[in-house]
Amino acid sequence: MAIRRTWWKEAVGYQIYPASFMDTNNDGIGDLNGIRSKLDYLKSLGIGFIWITPIYESPNVDNGYDISDYQKILGTFGTMEEFDLLLKEAHEQGLKIIMDLVINHTSNQHSWFVESRSSLKDDYRDYYIWADGTMDGPPNDWVSIFGGSAWEYDERTNQYYLHVFAKEQPDLNWENPRVKRDLFQMIDWWLDKGIDGFQVDAISHIKKAPLETTSTKDPFEAFKNVPGIETHLNDLRDIFKKRDILTVGEANGVSAAEAYQWVGETTGYFNMLFEFDHISLWNKDEQETVDVIQFKKALTAWQEALADGRGWNALYMENHDIPRSVSSFGSEEKVFWQASAKALALTFLLLQGTPFIYQGQEIGMTNLPFTSINEIDAVDTKNFYYEMIHSGVDPKNALNLIRKTARDNARTPMQWTAEEYAGFSKRKPWMRINPNKQEINVLHELNDPTSVLNFYKAVIQLRKENEALIYGRYQLYLPDHPQLFVYSRRLADERFVVISNLSKEFASADLPENVQIEEWDLQLSNLNDHTIHQHTIFAPYEARVYKHK
Ligand code: GLC
Ligand code: CA
């Protein structure tokens, strides 16, 4: 299939979690003017667009993912005028902006829900999913992704409503055409403003199985990629396809085998997806190291499913929901921290797809050493913690687990400088600052040619300058090697090979025949060894990329 070139295939994205990015009015919470004040920095990274997580009116039970008004900006973030100014200035700098689109649910404070719960006969009743209880209580045994029953009883009308996430996030009823009509109008309203696309949140949950369904394999089966979802997604696609925008769906429960259906080049619902396969590999309770073979397998399945122009991938190692990648996939240990952050960068940025860098990832930010549950903000983490305590888990062990898995690890303020509040604010921020701001911060890394930050810039630049690294065919080598991730990218005569050791031990391998090293030029490396041998040794977390002469 011929290559179809688009801006969103060539660009690198950068995800901003606004509450923790930059605070300009010193209330301890990041804001839109903060993002605007950092446009030069963002531009200097070489990225092409930013994705801003929700900034809409919200009671903030789930940090903005509980929207009470889709067309208003939350006061702590700023005003609609400030948003318009941000959009204008970003565009002037050549940066596009994509927004978060949260349409599986609203806040329980949204006027639709306030109306809906008011009476059985209300005009908005069917905007949400209501059902009668049974003898045992809730209508069925479905559980919420955030813990506990997925149903909440509402006294006023003596019925239960469904919430896949927190109880303050009631699920919208997509079977009601009026819901779709209102959501689609809202989408058009934002697109008319000139934004450049959407991250479509939790979209694989919009279709629910019949209420009689009981889950067998997966506790969330009844509302995860349920058959029939295609009708809704096709309708959504009809809205999107009228514009030259980027759409990326958050697609928990969608497998590589279904990738083509979801993001096929001409018929897919979205341009690309955030798949969960590779990332769920280290979300395991006790797992200390990454299974490199499984990791390669998960990513390769998506790379191959969408190869040869069939579709496009979204690439990520971090976001606001998961721990920091250096802490999980790499290593926080002093001797390995920098090399591992760079190895992960090289490995994921040069795969086929559009890479998304999460704020702070580019300087190698790490997890926060939480000392108490009181430092945790995320609603799901608190639920899980108290569930563990109630079931008799030792608080120390519960906290240990939370420390490794909490979403808040990624939500600590961006480390701009070594100052008391990391240059993020002049006041104590809403979330604790990582004590390692001393060593890990933007200012320091800008001045250090060997920093993680400068390495990110170099890899982004390399990708930009070489079409093969954007459109080239991916091929995996040594699939069974337990430490090395080796792949090539090829477009016509242009060939690159990326080799990284994703372990703390030295690794050796006989590189495959068709990677004839005498004919290769080193482009970038995270250590200083510039030679490669057919039978070669790789230092811990060593990573290199070569180009065929
Ligand atoms: C997505 C978001 C997450 C949020 C959830 C519910 O998974 O990334 O932060 O809590 O949707 O909206
Ligand atoms: Ca602020």
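The values are calculated or read from the model by the stated rules, or taken from the named source; none is laboratory data. A quick note: this is a predicted structure, and the numbers were derived from the prediction, not measured. Ideal geometry is used to build each Cβ from the backbone, glycine not excepted, and the neighbour counts take in all protein chains shown. SASA here: full protein model, heavy atoms, side chains in, ligands and nucleic acids out. Shrake-Rupley method; radii C 1.70, N 1.55, O 1.52, S 1.80 Å.
Computed from backbone phi, the HN-Hα couplings of region 473-484 come to 5, 8, 9, 8, 10, 6, x, 9, 6, x, 10, 8 Hz, rounded to whole numbers (Karplus: 6.51 cos²θ - 1.76 cosθ + 1.60, θ = phi - 60°; Gly and Pro given as x).
Run the reach check for Lys396 against lysines, Cα to Cα strictly under 21 Å, same-chain hits fewer than 8 apart removed. What comes back? Correct list for Lys396: Lys284, Lys382, Lys404. The chymotrypsin sites (Phe, Trp or Tyr not before Pro) found in region 315-347 include none that occupy coil by DSSP while having at most 15 further C-beta atoms within 10 Å.
Over region 472-548, with every protein chain in place, what whole percent of the accessible area is carbon and sulfur at 1.4 Å, could you tell me? Could the numbers behind the result be given before it?
On the way: 1700 of 3420 Å².
Roughly 50 percent, rounded to a whole number.
The GluC sites (Glu not before Pro) of region 221-308 meeting both criteria, a DSSP state outside H, G, I, E and B (loop) and at most 10 other C-beta atoms within 10 angstrom of the site's C-beta, are Glu286, Glu288.
Under 5 Å from the amide H of Leu511 lie the amide H atoms of Thr536, each residue being 5 or more positions distant or on a separate chain, with H modelled from the backbone and absent for Pro and chain starts. With Cα atoms as the point set, the chain shows a radius of gyration and Dmax of 23.4, 77 Å.
Loop-located chymotrypsin sites (Phe, Trp or Tyr not before Pro) across region 461-528 with a Cβ neighbour count of 15 or fewer within 10 Å are Phe506, with loop assigned by DSSP.
With all protein chains kept in place, the per residue accessible area of the chain amounts to 39 square angstrom at a probe of 1.4 angstrom.
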